[in-house]
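We did not get these values from a lab; they are worked out from the coordinates using the rules stated. Keep in mind the model is a prediction, meaning the values are calculated, not measured. In this analysis, Cβ positions are derived from the backbone assuming ideal geometry, glycine residues included, and neighbour counts consider all displayed protein chains.
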Amino acid sequence: MPAPLREGTQIYVERKTLGVSYSMPVMAMAMDYYEIGYIISGDRKTITPTATYFANAGMVGLTPPYVYHRTMAVSDEPYERILIKFTRAFAEPFIREVGQQIFDLLYEQKICQFTKESQEKICHMFMEMAEEFEKNSPHKEFILQGMLSRLLLTVYEEKLPVSGIVRNMTPLTPQVMDAIVFIEDNYAKNPLLEEAAQEVGFSPAYFSRLFSGQMGMSYSEYLDYVKIRHAEILLVQSKKSIMEIAEETGYCHGNYLNSRFKKKVGMTPGEYRKRNRGRL
């Protein structure tokens, strides 16, 4: 379980570099605070019982209390972020002024993406809050409370329509969440359904029904989805050739990646790279 806020405090702000392959070791949930975080660099995948979220540098993630989640790396980019934890009472000025509905909508969305201009503005707000938190001032929490309200309102007003979310048909059981982690750790090796079933302790037939019933797609379809998502990241954030990306994502040959990618994304890997360079 994540550490609670220190007794007598209502907010905690931390800027931290966690390394290329950092993943939360287990599913966990916060008990007494909300989280809002900004990704400075890196690409992350967050698994919850109801959905799986992908987030990249320049995006904001929001996690309410009592939601089991686990985050993991999905690229070789170093992971650096600023994380803000705060109590509900600390957000009361924002809720009173702007409304409970808007606060709830923000935390229902889970991830927010922005234009480049808005990214710079929001990154600056997070940086300012991290600097203010480190000051030894008796008025620190009073100042941070106003800064948090401004940050939440800016995120709400400037967020773009969200992408990178896979909604689950029904809330995931722990075994299916463990299987998703197994796929994420081994996708390049094309793990068989039988291997994933053995990993979580079920027969292949039962696991296949359980997985498709909760994810809304078959095991093979989800594995393909994960591989394509990793290919998208590599196309935008690396200079690797199509052949190299095919080998790294388990497609073995560039022509096979081309055909699978075009079927799933609607364009070839080369077209995707040209259109999205610098945006993901």
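Structure above, values below:
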read-out: Degrees between helix 219-237 axis and first principal axis of the chain (Cα, 0 to 90, nearest 10); value: 70
read-out: Mean projected area (nm²) of the alpha-carbon convex hull when region 99-215 is viewed from all directions; value: 11.0
read-out: Ser21 paired with Thr154, simple spin-label distance in nm, labels 7 Å along Cα-to-beta-carbon; value: 3.6
read-out: Neighbourhood net charge (13 Å Cβ-Cβ; Lys/Arg +1, Asp/Glu -1) for Ala51; value: +3
read-out: Relative contact order computed over region 11-165 (Cα-Cα under 8 Å; 6+ residues apart), in percent; value: 29
read-out: Coarse-grained scattering of region 11-165 at q = 0.08, 0.13, 0.21 Å⁻¹, given as base-10 log I(q)/I(0) from a Debye sum over alpha-carbon atoms; value: -0.21, -0.57, -1.59
read-out: Glu194/Ser137 FRET efficiency (R0 45 Å; Cβ-Cβ; nearest 0.05); value: 0.15
read-out: Percent RCO, i.e. relative contact order, over the chain, from Cα pairs under 8 Å lying at least 6 residues apart; value: 16
read-out: Label corresponding to mean projected area of the Cα convex hull in nm² when calculated from the structure given, among [x] 23.8; [y] 15.1; [z] 17.0; value: [y]
read-out: Per-residue HN-Hα couplings for region 86-100 [Karplus 6.51, -1.76, 1.60; θ = phi - 60°; Hz; x = Gly/Pro]; value: 8, 7, 4, 4, 5, 8, 4, x, 5, 5, 5, 7, 9, x, 4
